[in-house]
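Here is the structure we will look at, set down as structure tokens.
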Amino acid sequence: MAGELSLYPLNEPYESGLLDVGQGHRIYWESSGNPQGVAALAVHGGPGSGCVPGMRQLFDPAKYRVVLFDQRGCGRSTPHASDSAVDLATNTTDHLIADIERLRIHLGVRRWVLAGWSWGTTLALAYAEEHPEHVAALMLTAVTTTTAREVRWITRDVGRLFPAQWARFRDGVPEADRDGDLVEAYCRLLDDHDPAVRYKAALDWCEWEDAHVNLEPQPRPRLVNADPDFRMCFARLVTHYWRHAAWRGERELLDNVTRIAHLPAALIHGRLDLSGPPDIAWHLAQAWPAARLHIVAGMGHESGGAMAAHGIDALNEFAEIAPR
């Protein structure tokens, strides 16, 4: 029953590796669960967060062959974007889609269930629309499409709800840039020759991220307390993808839902998601006949609790209809 959370026990991978995907990149991947089960790919958020073991716990290990991977430049993939010398020109949405395809072929998967969170929902949608024949179903939590409109919301408009935190975020860039494109301004700071400037920009960016995803009365400094290399990687990749609006047109992912309209999907979104308002998931659902929309009361831009319970229900359902 949705709303009652019962995570599966954390099981260890039975295989893992680094896959050469070209342009000097190698991506980390791992498989857990049942090697003969329904193939599923977990697509992490960020960009730049990397996969975490807890993602495995939404999948029944008796029914699923669960594949986790770190997207280009983050986690255990190499080279790591925390290094300012790493050029991000070969780190784009299209590159990530190609990486997923190479991983699918490497693992001998015909079709798989995609599970994405936050930015991972954008990437999962983009991949599915490019390769619908290799997707069996989608479970998307905290849905985003990374449009220019969404980027403006998350970097400027939602500041009306967090005025003090947003003012600090805005004032982290030079005064001449404060009324302009804040993502572009932070990109320049994160590429500065001075390590101290880069460090402060990453910290300021992560402080703002921690602020707008948190609905609790007390701060939850998840990113601020993270390793400095993680913060730098996260900030560089997020700003890089957001400045380009994921290299997609304003309605491109929404309009191309027609390519996957036949695929079963669960769209799970918090009613109180201030980072990505619920209309993003709602518009997708209106164009997607086979999708079920779950707007979860009392939840924000998060993946646990009732959000995870809906995800587990959907994945259990997909395990019965997806090909092995």
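Here are the numbers for the structure shown:
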{"item": "Options GLY172, GLY108, GLY116; residue that is open to solvent by less than 10 Å² (accessible area, probe 1.4 Å), at pLDDT 95 or above and either closer than 26 Å to ILE312 by Cα or not assigned by the TED database to the domain that holds GLY300 (or both)", "result": "GLY116"}
{"item": "Evaluation of TRP29 against (1) in the same structural domain as ILE268 (by the TED database); (2) of a type in the set (Phe, Trp, Tyr); (3) closer than 21 Å to GLU302 by Cα (one fails), failing number", "result": "(3)"}
{"item": "Selection status of GLY75, buried (at least 16 other Cβ atoms within 10 Å of the Cβ) and of a type in the set (Gly, Ala, Ser)", "result": "yes"}
{"item": "Strands (runs of 3 or more DSSP E) within the stretch 5-68 that include 1 or more residues among the hydroxyl-bearing types (Ser, Thr, Tyr), open to solvent by 20 Å² or more (accessible area, probe 1.4 Å) and in contact (Cβ under 8 Å) with a residue 24 or more places away in the chain", "result": "25-33"}
{"item": "Of all residues in the stretch 288-322 being among the charged types (D, E, K, R) and more than 18 Å from the chain's Cα centre (by Cα), the one that is least open to solvent (accessible area, probe 1.4 Å)", "result": "ASP313"}
{"item": "Hits in the stretch 271-305 - residues which are in contact with a His (Cβ under 9 Å, 6 or more places away or on another chain), in a helix (DSSP H, G or I) and among the aliphatic types (A, V, I, L, M)", "result": "ILE280, ALA281"}
{"item": "Qualifying residues in the stretch 141-165 (those that are open to solvent by less than 60 Å² (accessible area, probe 1.4 Å) and in a loop (DSSP other than H, G, I, E, B)) - the one nearest to VAL224 (Cα to Cα)", "result": "PHE162"}
{"item": "Count of residues meeting criterion [in the same structural domain as THR155 (by the TED database), in a loop (DSSP other than H, G, I, E, B) and among the hydrophobic types (A, V, I, L, M, F, W, C)] in the stretch 217-270", "result": "3"}
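The values are calculated or read from the model by the stated rules, or taken from the named source; none is laboratory data. A quick note: this is a predicted structure, and the numbers were derived from the prediction, not measured. Heads up, the Cβs are rebuilt from the backbone with ideal geometry, glycines too, and the neighbour counts pull from every protein chain shown. To get the accessible areas, we keep the full protein, side chains included, count just its heavy atoms, and leave off ligands, DNA and RNA. Shrake-Rupley method; radii C 1.70, N 1.55, O 1.52, S 1.80 Å.
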